[in-house]
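Here the structure is laid out as C-alpha cells; the discussion comes afterwards.
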Amino acid sequence: MNIGIMSFAHIHATSYATAIERIPGTKLTAIYDTDTTRGKQASKQYDVPFFAHMNEFLAEDIDVVLICSENVFHKEMVNAAAKAKKHILCEKPIATNINDANEMIEVCKENGVHLSIAYPVRYSAPIRDLKAAIDAGELGEIVAIRSTNRGQNPGGWFVDEELAGGGAVLDHTVHMVDIMRWYMNSEAIEITAFANNYFTELGTDDAGIMTIVFDNGVIASHDASWSRFPEFPTWGDVMIEVIGTKATRKVDVFNEKLQLYGKGNKSLTHLYSGNDTDFDLIVDFLNSIQQQKEPLISGHDGLKSLEIALAAYESNSRKQAVKL
C-alpha cells in the first residue's frame, strides 16, 4: 500500500511515519502540509516528496492517507481525501464540532472509503487484556469507572482554541471515553463537568473533571489535564479503573516502564516499555482495508467521544448537567 501523510502538525505524525517504514508491503510516498517549512522538513527527514497543494498530493498514487493536521483542518482534509477515493485514518478528535463530524462520516460513506479515528490507547496490551476480562465476565456487572489522562502541556497550536477547538478537556477526554464506550457497548446520556486553566495563564482550559452517566446505569468520572511539569519522569498517565460486582481492575497504560536515573533536569526518567500502540493502530487499519472489513475504530466512534467532550464544555459553561 502507498500511504500519504497530510500534515506533520500533530506529534504522532512522526511515529506513524516511522511505523510505516517497519510494515512490510507499505511505503510512505507523499507528504502534504499547510505549513511549507514543516512539510519540507518532514520530506527531507523521510526522503519523501512534499506537495504544497492538496489537489496535487491527492492526485498521487496513494491508497491511504493519515491526517495529522491541526484539528480545525480535519474536515477539509477528510472530505477532500474521501472524494479522491483514499482511505483515511484521522487524528483525534474527529472534528471541532458535531456538524463537521457528521458531514465527514457521510462523505466517506458516499465515496466508499474507510474512515477511522486515531485512538491508539485501544491497542495498549493491558487495555486490551482488561477488555477481554470484561467480555469474559470476570468483573461481573460493571457499576462504575474512573479514569485519568493527565499529561504535559503540548504548547503550540494545541493551546490555540481557534486551531484546536478546545484545550486539555477536548485533547485528553476523547481517548478515555472511547475506551469506556468500547468496554461497555454503552452510550453516555448525561455529563456534568468543570473546566478552567488551573496550572497556566492560557486562554483555554488546561484541566477539567467530569462525571458521565451511561445508558446502562454506570457512572464514570474522568480527570483530564495538562498538569505535568517538564521535569516529571514521564509524559503523564492514561489510567482507567473498572469497578465490577465480582472484581475491580485498574490499568495505567504508561506504567509499563523502566526507571532511568541520571544527572540534569530530570534525575529520574521513566522509559515506556509497553507495546507500540501507534504501530499496532496503523497495522490494524491497513489490515481492515485489505480484508474489506470495518475498522475497529470508526468515524462514528470519533463522533460519540467528541459529543461527550463538547458536552463537558457546555456543562461547565451552563453550570449544570447536560443531557445527550
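The values are calculated or read from the model by the stated rules, or taken from the named source; none is laboratory data. None of the values given here were measured: they were computed from a predicted structure. Neighbour counts are summed over all protein chains in view; Cβ atoms, including those assigned to glycine, are modelled from backbone coordinates with ideal geometry. The accessibility values were calculated without ligands, DNA or RNA, using every heavy atom of the protein model including side chains. Shrake-Rupley method; radii C 1.70, N 1.55, O 1.52, S 1.80 Å.
Which ones in the stretch 186-196 are touching a helix residue (DSSP H, G or I) at 6+ places or on another chain (Cβ under 9 Å) and either polar (S, T, N, Q) or assigned to a strand (DSSP E or B) (or both)? Within the stretch 186-196, Ser186, Ala188, Glu190, Ile191, Thr192, Ala193, Phe194, Ala195, Asn196 meet the criteria.
Restrict the check to the stretch 137-154 and report whether at least one residue is more than 20 Å from Thr248 (Cα to Cα), touching a strand residue (DSSP E or B) at 6+ places or on another chain (Cβ under 7 Å) and open to solvent by less than 20 Å² (accessible area, probe 1.4 Å). Yes, the stretch 137-154 contains a residue that is more than 20 Å from Thr248 (Cα to Cα), touching a strand residue (DSSP E or B) at 6+ places or on another chain (Cβ under 7 Å) and open to solvent by less than 20 Å² (accessible area, probe 1.4 Å). Among the residues of the stretch 251-273, those identified as in a strand (DSSP E or B) and surrounded by 14 or more Cβ atoms within 10 Å (Cβ to Cβ) are Val251, Asp252, Lys257, Thr269, His270, Tyr272.
Of the residues examined, Gly208 is one that is in contact (Cβ under 8 Å) with a residue 24 or more places away in the chain and surrounded by 17 or more Cβ atoms within 10 Å (Cβ to Cβ). Among the residues of the stretch 39-81, those identified as more than 20 Å from the chain's Cα centre (by Cα) and open to solvent by less than 20 Å² (accessible area, probe 1.4 Å) are Gly39, Ala42, Val48, Phe57, Leu58, Ile62. Here the stretch 105-124 is the region considered, the condition is being in contact (Cβ under 8 Å) with a residue 24 or more places away in the chain and surrounded by fewer than 14 Cβ atoms within 10 Å (Cβ to Cβ), and the residue that is farthest from Glu294 (Cα to Cα) is Glu110.
Could we say that Ala30 is at negative phi and in a strand (DSSP E or B) here? When the stated conditions are applied, Ala30 passes them.
Listed here are the residues, each with its yes/no results for (1) assigned to a helix (DSSP H, G or I); (2) within 18 Å of Asp278 (Cβ to Cβ).
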{"residue": "Ser15", "(1), (2)": "yes, yes"}
{"residue": "Ala42", "(1), (2)": "yes, yes"}
{"residue": "Phe57", "(1), (2)": "yes, no"}
{"residue": "Ala80", "(1), (2)": "yes, no"}
{"residue": "Pro93", "(1), (2)": "no, yes"}
{"residue": "Glu103", "(1), (2)": "yes, no"}
{"residue": "Val107", "(1), (2)": "yes, no"}
